[in-house]
Each structure stands twice: as C-alpha cells, then as structure tokens.
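*Asks:* This is the structure I want to talk about, given as structure tokens.
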Amino acid sequence: MAIKMVIKQQYNGIDVEAELNTGINLLSGNSGTGKTLLMQVVELYCLENRIKYTFLNYRNRENSIDQLSKLCEHSDVIIIDNADLFVTEQLISELKKGSKYILISLKDSTKIDEHNITEFIVHYENMKLRLEEI
C-alpha cells in the first residue's frame, strides 16, 4: 500500500485537495468546517479506485469495540465521522493494527492520546477545501 493517499478532485463544484498518511489522520475543528464533506470525498475516492473501506459514524455508537473492529478488519481505509460520540483509545489501538489509512473526524482532539497521529485543520473557502497539517 502507498505511504500517502493523494486526492485531487471536484465534488459538488468544490475543489478538494487532501494528502493522507498511512496510520491515523485526525481532522479536528468545529462543526461546519468541511470535515464531513472531506470524508464523503474520501469515500467516493475509495469507490472509484476500488479500495476497500469502512465508513463509521454516529449510527455505530452502540457497537462494541469487537464489533467495530470486525467491521473494519478487511478495509484498507477506515473513515470515522462524529468520532466524539463513540471512539475510545482502545478502539483506536485495535484499528491501527496493520497498514491502513484511518481518517477520524472529531471536535475535540484531546480525546485521543495516541502517538504518531497526523492532525489537520480543514479549510473551506471560495469553493476550495484543503487540509493544513498542525
């Protein structure tokens, strides 16, 4: 698997540029900044390129860590939106086994105390969405 996933495409008239690393890619910030939009673009990218992925969100908040791990075990990309609602350190530890791209969106990045995380802020303005590593 490649070390970086580079996405440059247009989605609903918005120019999207994102470069994700293998491992944990954390999108932090307030609501309305484009995090979920970016996740939809990553999902579309996976579909178009036949990349195995799993998309988790608030609907999965009742699942156990074992159930969530099982859902993701054959995926090369794991997309987790609204992670504030259900992500734990134990789940992150389980998901990061292997060489996968893990994209996590949450409002409060202090909820995750992991090492080797690439954290981004999403910038969306003038019909352009891009990531800035922090």
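*Asks:* Yes or no: Asp81 under 23 Å from Ile134 (Cβ atoms), modelled with pLDDT of 90 or more and open to solvent by less than 80 Å² (accessible area, probe 1.4 Å)?
*Replies:* yes
*Asks:* For the structure I just gave you, tell me whether Val16 is within 18 Å of Lys100 (Cα to Cα), open to solvent by less than 10 Å² (accessible area, probe 1.4 Å), at pLDDT 95 or above and of a type in the set (Val, Ile, Thr).
*Replies:* Answer is no for this residue.
*Asks:* To continue, here is another question. Out of the residues in the stretch 100-134 meeting the condition of being open to solvent by 70 Å² or more (accessible area, probe 1.4 Å) and more than 21 Å from Leu37 (Cα to Cα), tell me which one is modelled with the highest pLDDT.
*Replies:* This residue is Asn116.
*Asks:* Just give me the residues in the stretch 34-59 being at pLDDT below 95, crowded, with 19+ Cβ neighbours inside 10 Å and over 23 Å from Glu17 (Cβ atoms), in sequence order.
*Replies:* Scanning the stretch 34-59 gives no hits.
*Asks:* Answer yes or no as to whether Leu68 is buried (at least 20 other Cβ atoms within 10 Å of the Cβ) and out of contact with any Ser or Thr (no Cβ under 8 Å at 6 or more places or on another chain).
*Replies:* Considered against the rule, which asks whether it is buried (at least 20 other Cβ atoms within 10 Å of the Cβ) and out of contact with any Ser or Thr (no Cβ under 8 Å at 6 or more places or on another chain), Leu68 comes out as yes.
*Asks:* Tell me whether the stretch 53-68 contains one or more residues that are touching a residue at least 40 places away in the same chain (Cβ under 8 Å) and under 22 Å from Gln9 (Cβ atoms).
*Replies:* no
The values are calculated or read from the model by the stated rules, or taken from the named source; none is laboratory data. Since we're looking at a predicted model, the values are computed, not measured. Cβ atoms come from the backbone with ideal geometry, glycine included; neighbour counts cover every protein chain shown. Just the protein is used for accessible areas: all its heavy atoms, side chains included, with ligands, DNA and RNA removed. Shrake-Rupley method; radii C 1.70, N 1.55, O 1.52, S 1.80 Å.
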